[in-house]
Amino acid sequence: MAAETKAQLIENVQKYLGKGKWKEAVGEMEKLFALNPDPIIRVRMGDAYQKLSSKPEATREYVYAADLYAETGAVVKALAQYKLALRLDPQHKRAQDRMAALHSNRTIAEKKAEPVEEGKQKPANSAIPLFAGFTQGEFQEFTNLMNVHTHGAGEVIVREGDKGKSVYIIASGSVKVYTTMLSGEVVVLAKLWPSEFFGEISYLTGKPRTATIETLEETTVLELTEDKLNYLLEKHPRVREVLQKFSEMRLKGTIETVISKSVE
């Protein structure tokens, strides 16, 4: 009976969302959450409240979702939701305090791997070691400088040859990294998953983007722009060392992939 009810609720939610009936969708999602307390449901409720121009309610839902993610050790997901809440209400005290408290989350404190979503892979270049290297104050400053963005499936976040210097961390979703060979062949270099970095190579080298990053599904990213990174690195030079380490690992994998394609 519960399974049938869950399926019916999901169908109802999709129907109402498809018709733009946000209030009705929220009501069904509340029932669905009672059966299946998945944080993503609270996120979608926050999105629906935004459609209704109900900022306080949307903020509340994003903080609720963030708290749930934090309880499971999903630090980057929690961080993204607190940032969404603070974008709506920059002075929201609970969101500020809870975001700062992520530094003491067991995932960071014990350098544990974040929980991996079904169908996703463990990240090769997780943000957790970077966060673990910060003091409480450094962590707060780093996260306060971030912007959060959500992209639909098939959107290009970074394009090969561009001069942008932002660095990104994936909060949810996934992306593919690809380049175009001299022959015109498009080569997929990697797929990146939640908690992974990208964009740091151009920032560190000062050269144009070496690959295109395109979303494979709806994807939320946390961005640090070049000006904010410059400010941060002036105060905390060791951040560059971590980014450099990840950059070297990624370049090694990229070179191996390109070489293997060239000899096929």
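The values are calculated or read from the model by the stated rules, or taken from the named source; none is laboratory data. Remember, it's a predicted structure, so these values are computed and weren't measured experimentally. Positions of Cβ are generated from backbone atoms using ideal geometry, with glycine treated the same way; all protein chains shown enter the neighbour counts.
As a summary of the residue check, PHE139 satisfies the conditions (1) touching a strand residue (DSSP E or B) at 6+ places or on another chain (Cβ under 6 Å); (2) closer than 17 Å to TYR82 by Cα except for the one numbered (1). Scoring GLU200 on the criteria (1) in contact with a strand residue (DSSP E or B) (Cβ under 6 Å, 6 or more places away or on another chain); (2) at pLDDT 90 or above; (3) under 18 Å from LEU243 (Cβ atoms) leaves a single failure, condition (2). A count restricted to segment 203-238 and to residues that are under 17 Å from LEU130 (Cα atoms) and at pLDDT 95 or above stands at 3.
Take the residues in segment 213-249 that are β-branched (Val, Ile, Thr) and assigned to a helix (DSSP H, G or I); name whichever of them is nearest to GLY119 (Cα to Cα).
Restricting to residues being β-branched (Val, Ile, Thr) and assigned to a helix (DSSP H, G or I), the top hit is VAL242.
Return yes or no: is THR150 without any contact (Cβ under 8 Å) to a residue 40 or more places away in the chain and surrounded by fewer than 18 Cβ atoms within 10 Å (Cβ to Cβ)? Judged against the criteria, THR150 is not a match.
Return yes when TYR178 is in contact (Cβ under 8 Å) with a residue 24 or more places away in the chain, more than 16 Å from the chain's Cα centre (by Cα) and in a strand (DSSP E or B) and no when it is not. When the stated conditions are applied, TYR178 passes them. Taking segment 47-88 as the range and being buried (at least 24 other Cβ atoms within 10 Å of the Cβ) and among the hydroxyl-bearing types (Ser, Thr, Tyr) as the test, the residues that pass are TYR62, TYR69, TYR82. Looking at segment 181-194 only, could you name the residues that are under 27 Å from ILE40 (Cα atoms) and part of a loop (DSSP other than H, G, I, E, B)? Those that are under 27 Å from ILE40 (Cα atoms) and part of a loop (DSSP other than H, G, I, E, B): TRP193, PRO194. Every condition in (1) in a strand (DSSP E or B); (2) surrounded by fewer than 20 Cβ atoms within 10 Å (Cβ to Cβ) holds for PHE197 except the one numbered (2). Filtering segment 110-139 to residues that are loosely packed, with under 15 Cβ neighbours inside 10 Å, at pLDDT 85 or above and not in a loop (DSSP other than H, G, I, E, B) leaves GLN136, GLY137. The residues of segment 200-222 that are crowded, with 17+ Cβ neighbours inside 10 Å and either β-branched (Val, Ile, Thr) or in contact (Cβ under 8 Å) with a residue 60 or more places away in the chain (or both), listed by number, are ILE201, THR210, THR212, ILE213, GLU214, THR215, THR219, THR220, VAL221, LEU222. The single condition among (1) assigned by TED's automatic domain parsing to the domain that holds PRO237; (2) in contact with an Asp or Glu (Cβ under 8 Å, 6 or more places away or on another chain); (3) in a helix (DSSP H, G or I) that VAL148 does not meet is (3).
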